[in-house]
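Report on the following structure.
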Amino acid sequence: MVFMQSLTLESATEKSPGWLARIVPRLHAKAFSGGLIVLTFILVGIFGPLLAPHDPNKQELTAMLKPPQGIGSPHLLGTDNLGRDIFSRIIHGARVSLLVAFAVVFVSGFIGIGLGAISGYLGGKADFIIQKSVEVVWAFPPLLLGITIMAFLGQGLFNLILALLAQRWIPYCRVVRSQSLSLRERDFVTAARCLGATKIQIIARHILPNLIQTSLVIGTFAMASAIISEASLSFLGVGVPPEIPTWGTMLADARIYISTAWWLPLFPGLCIFITVLGINLLGDALRDILDPRLKRTGSGI
Amino acid sequence: MRLPVRKLRPMAFLFLLSIGLGITAGRAAAQKRVSIGVTETIETLNPYGDSVSLLYGIWSEITGPFCTYNYDKGDFEGRLAERWKVENPTTWVFYLNKNYKFNDGTPVTADDVVHSMMNRVIKDPQSKQKASVAGPIVKAEAIDKHTVKFTTDKPTAPLLGFVCDRFIVTSKAMFDKYGRDVADKEHMMGAGPYRLKELIPGQRLVIAKRPDHPEAKRNPRAPDEIVYRVMRETEQRVAALLNNEIQIAQFIPPHLRQRVEQSPNLKITATDSVEIMFLAMQPKPPFDKKEVRQAVCHAINRDQIISTLLEGFASRLDGPIGPGQYGYDPNLKPKLSYDPERSKKLLAQAGFSKGVDAALQTPVGRYTLDKQLTEAMIPMLNAAGFRAKLLTPEWPTLWAGVQKGTVPFYYMGRGSVQDPSAALHQYFHSGETPRIGYSNPKLDELLDKEQAEFDPKKRRQYLSQAMSILTEDAPACFMWRHKLLWGLNRGIDYKPLPDARIFGMDIKVVKK
């Protein structure tokens, strides 16, 4: 209402519009809300140790299962079954989720975009081999593949990232390949070829830069999916070792207290929900902004 | 249109009668089947293919307990083997009950017993029961149709602890006719009071009562059918109990006790378990040094864990066994009590003044609060100078590793320890099993002596000396014995056994 009034006043006085009036129409609701959540998530992940009031692994057996005590109390969100501070564990859990999500997105993006561009541009045998590999890996149910890999490698953060990488590169590879197939027939690529550019130069200088927008959108969805998968594997007890607090392990530990201590599963569950929602909103918004055609047709990646 | 009242009366009568009959039938049906939520998995169709406490009980119920331990009498008593005698220190003669018959009506003979012991327990490569059931038995032979002789490689006073409630007798005729796998899968013949009705590995096992069985007369109110449902999650068991999906739930954790008791249809029954819980340490670096093993024992504050996480539902162990178990010595020394400073000194003596890595492995959901209890141990170990971390592999992975001797440091329980002889041999005698891989000639000598000693007083002395060495040398830290909580429907009268075995013949279905 205040904003409308200011607009009316500004129109009446015929002054140039204020900064807020210029920004608000351009603001994308999904991008704003999603971006805000993701930014908070990143900041909490980075500055977690400074924000957490307690050591996330510090046990206080005499103070176990304390319900949330509110702002100003020693345990804002209560304590868990071993007397550990839930708020501190949530913050440190964000750090693990952030690390896993970014590692998975960047490494899988590097592999997937690279292979997709090669597959699409070169075609022939290279395309055949890469796409058959994609089909073979894609045939495994993702969670089952993750559990199998973890069973072989054992628990650990690095192993968990490896398990999540196993299939995450495929969406990049498939989409990038299809775009590369189209790009290689474009005039600027033909011109570069005529000027004597090598295949590597064409892929690096002319194909890849045109794939960034699409990859960015895939990356956001891959990030959300990686966080869910990390939580799922940790929930199943095959993720990270118990001494590393993650939202998934917090949920797993809360299972046997679900009927007697509601705050144990609620807060990590909410964190996963809000973070994934935020990343998906941001991904949606990026897709709308970077590729409006997809928005019109209602199709997604 | 109005129907005359006179015409309505017979209809109403029939209607009420049908409802009454329906309710009665429903109640009768409900009394016939009892479902039990159990924690241990049933992974194989081969009754000799695993060695876990619950399964010994179930298979004993199907194939007939060879003999059983009566906790009320505090002694072993006959079943399929109705009596026995010690012919000489290495020869035991068992006399079979002639009334025991297999499902198809054929009598159980000494040949079936010999076949089961020799071909299934001892020689079959799939058998996991050689150490825990056969133990010192090297030969089984039939004397006549209903008499069998077991020969041991050395005098074995506690032989009944190996075979009672454990030794599974299956039909030789079925094995000869169909071969092992088909006989186990499709033609399971037993001589117990129940017969196998259905077995889906990892999910459930259903047994049905044999009303003609001699044991069935002992308890006419025993359920006609028992369903053992594998429910690893405690919340799942409690929810199933509250919904009347199951009528008996094993191992309710202390924090869920009140939730069960609040239901008017349910009750909690507690029993002192004879299962000893311990931290096993393979004598490989760094646990090859006695000081490191002792440091682990001094680091754990067992009293605090019992009073907080276990809410007092456990009793601390100061040695391998506790009160009520055969051979318990209240004056056993040394006692490796909680003393983190002593742990640090011991680690320094062992050359680890800057700390040492220790990865503790635990099952999850197999024992009461196993993961929570071991998680609580990690900061205690760290405070005493270890760099400890917890690993939680899946049970099949962990159990396979333990049986192969590839897990260096783990939390485990050993059930059915009425008499500790078999358990001590299984885990600590040189060359028995690779579960710990510990070897101490002095301990071996004492364990051999106690096993050979038929005089109870002397045997207790040997056991006490052996347990003193074990506590001192610490190949394992003995933690506690749980007080096990069972959730029961009020329509069930059942007193759980300290060894957590569940015999259908001990269950009574009573009216609500």
Which lysines does B:LYS32 reach when only Cα atoms under 25 Å apart count, and residues fewer than 8 places away in its own chain are ignored? B:LYS101, B:LYS197, B:LYS209, B:LYS217, B:LYS267, B:LYS495, B:LYS508, B:LYS511, B:LYS512
Once you put a point 7 Å from the Cα of A:PHE152 and another 7 Å from the Cα of A:PHE102, both along the Cβ direction, what distance in nm separates them? 2.9 nm
Net charge near B:GLU43, counting Lys/Arg +1 and Asp/Glu -1 over other residues with Cβ under 11 Å of its Cβ? -1
Could you report chain B's accessible area per residue, 1.4 Å probe, as an integer in Å²? 41 Å²
Take every residue in peptide B:369-379, count the Cβ atoms of other chains within 10 Å of its Cβ, and give the average of those counts. 4
Do you know the relative contact order of chain B, to the nearest whole percent, from alpha carbon pairs under 8 angstrom that are 6+ apart? 20 percent
Go through B:375-381, B:438-444 and give me the packing order, highest mean Cβ count within 10 Å leading. B:375-381, B:438-444
Let me make sure I get this right: for segment B:227-356, a, b and c are the square roots of the gyration tensor eigenvalues over alpha carbons, sorted descending. Under 1.5 in a/c it's rounded, otherwise prolate if a/b > b/c, else oblate. Which is it? prolate
Go through B:258-269, B:422-433, A:187-198, B:219-230 and give me the packing order, highest mean Cβ count within 10 Å leading. B:422-433, B:219-230, B:258-269, A:187-198
So, for segment A:179-301, what is the accessible surface per residue at a probe of 1.4 Å, expressed in square angstrom? 47 Å²
Straight-line reach check, B:LYS449, cutoff 22 Å on alpha carbons, 8 or more apart in-chain or any other chain, hits among lysines -> B:LYS85, B:LYS130, B:LYS139, B:LYS154, B:LYS333, B:LYS457, B:LYS458
So what are the radius of gyration and Dmax for the Cα set of segment B:383-511, in Å? 18.7, 58
Rounded to whole Å and ordered largest first, report the semi-axes of the equivalent ellipsoid of segment B:276-482 derived from its Cα gyration tensor (root of 5λ). 25, 19, 18
Based on the Cβ-Cβ distance from A:ILE111 to A:ALA63, what FRET efficiency comes out when R0 is 60 Å, to the nearest 0.05? 0.85
Size of electric dipole in the protein assembly as shown: Cβ of Lys, Arg +1 and of Asp, Glu -1, about Cα centre, debye, nearest 20: 1800 debye
In degrees rounded to 10, the 0-90 angle between helix B:340-349 Cα long axis and the longest Cα principal axis of chain B is 50 degrees
Quick one: helix B:441-452 against the long Cα principal axis of chain B, what's the angle to the nearest 10°, folded into 0 to 90? 40 degrees
Using label points projected 7 Å from each Cα along Cα→Cβ, tell me how many nm separate B:GLN403 and A:ILE274, to one decimal. 4.8 nm
Kindly list the residues of segment B:455-499 that lie in the label zone of B:GLU311, defined by a backbone N under 17 Å from the point 7 Å along the Cα-to-C-beta vector. B:482-488
Could you state the principal axis extents of the C-alpha atoms in chain A, from the largest down, to the nearest angstrom? 76, 71, 32
Kindly state, to the nearest 0.05, the FRET efficiency for B:GLN258 paired with B:ASP339, given R0 = 35 Å and r defined as their beta-carbon distance. 0.50
Relative contact order (%) - segment A:52-163, alpha-carbon pairs under 8 angstrom, separation at least six: 17 percent
Read phi for every residue in segment A:142-156 and hand back ³J(HN,Hα) as whole Hz from Karplus 6.51 cos²θ - 1.76 cosθ + 1.60, θ = phi - 60°, with x for Gly and Pro. x, 5, 5, 5, x, 4, 4, 4, 5, 5, 6, 7, x, 5, x
Just the Cα atoms of segment A:170-301: what Rg and Dmax do they give in Å? 21.2, 72
Looking at chain A, identify the longest residue range that excludes and avoids all GluC sites (Glu not before Pro) in DSSP loops having at most 11 other Cβ atoms within 10 Å. A:15-184
Estimated distance in nm for a label pair at B:GLU394 and B:THR91, the labels positioned 7 Å out from Cα along Cα-to-Cβ: 5.0 nm
Where the eigenvalues come from the Cα gyration tensor of the protein assembly as shown, what are the semi-axes √(5λ) of the equivalent ellipsoid, largest first, in whole Å? 58, 35, 30
Given a 1.4 Å probe and every protein chain left where it sits, what share in percent of the accessible area of the protein assembly as shown is carbon and sulfur? 59 percent
Prolate/oblate/rounded label for chain B (Cα gyration tensor, a/c 1.5): oblate
When only C-alpha pairs under 8 Å and at least 6 residues apart count, what is the relative contact order of chain A, in percent? 23 percent
Average partner chain C-beta neighbours within 10 Å, per residue of A:255-262? 5
What's the buried accessible area, both sides, between A and B using a 1.4 Å probe, rounded to 100 Å²? 1900 Å²
5 Å is the cut-off here: which amide hydrogens, built 1.01 Å from N in the peptide plane, fall below it relative to B:ARG387, excluding neighbours closer than 5 in sequence? B:VAL356, B:ASP357, B:ALA358
With x for Gly and Pro, the residue-by-residue ³J(HN,Hα) of segment B:103-117, computed from phi through the Karplus equation 6.51 cos²θ - 1.76 cosθ + 1.60 at θ = phi - 60° and given in whole Hz, is 3, 7, x, 6, x, 7, 10, 4, 4, 5, 5, 4, 4, 5, 6
Give, as ranges by residue number, the residues of segment B:48-82 whose backbone N falls under 17 Å from the point 7 Å along Cα→Cβ of B:THR106. B:63-64
Run the reach check for A:LYS30 against lysines, Cα to Cα strictly under 25 Å, same-chain hits fewer than 8 apart removed. What comes back? A:LYS295
Please compute the Kirkwood hydrodynamic radius of segment B:63-180 from all pairs of different C-alpha atoms, in Å with one decimal. 14.3 Å
Considering only C-alpha atoms, what is the centroid distance from segment B:71-137 to segment A:118-136, in Å? 64 Å
Would you please give the residues with an amide H less than 5 Å from that of B:SER416, counting only those at least 5 places away or on a separate chain, with H modeled from the backbone geometry? B:VAL274, B:GLU275
Okay, which of segment A:50-84 sit inside 20 Å, backbone N to the point 7 Å along the Cα-Cβ direction of B:ILE268? A:62-67, A:81-83
Taking Cα atoms, the helix B:456-473 axis meets the longest principal axis of chain B at an angle in degrees (rounded to 10) of 60 degrees
How would you rank B:77-88, B:45-56, B:100-111, highest first, on the average number of other Cβ atoms within 10 Å across their residues? B:45-56, B:100-111, B:77-88
Amide proton proximity set for B:LYS197, modelled H, under 5 Å, gap of 5+: B:VAL206, B:ILE207, B:ALA208
Count, for each residue of A:146-154, the Cβ atoms from other chains sitting within 10 Å of its Cβ, then give me the mean as a whole number. 1
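The values are calculated or read from the model by the stated rules, or taken from the named source; none is laboratory data. Please read these numbers as outputs of a predicted model, since none were measured by experiment. Cβ coordinates were reconstructed from backbone atoms using ideal geometry, including for glycine residues, and neighbour counts include every protein chain displayed. Keep in mind that these areas ignore ligands, DNA and RNA; they rest on the heavy atoms of the full protein, side chains included. Shrake-Rupley method; radii C 1.70, N 1.55, O 1.52, S 1.80 Å.
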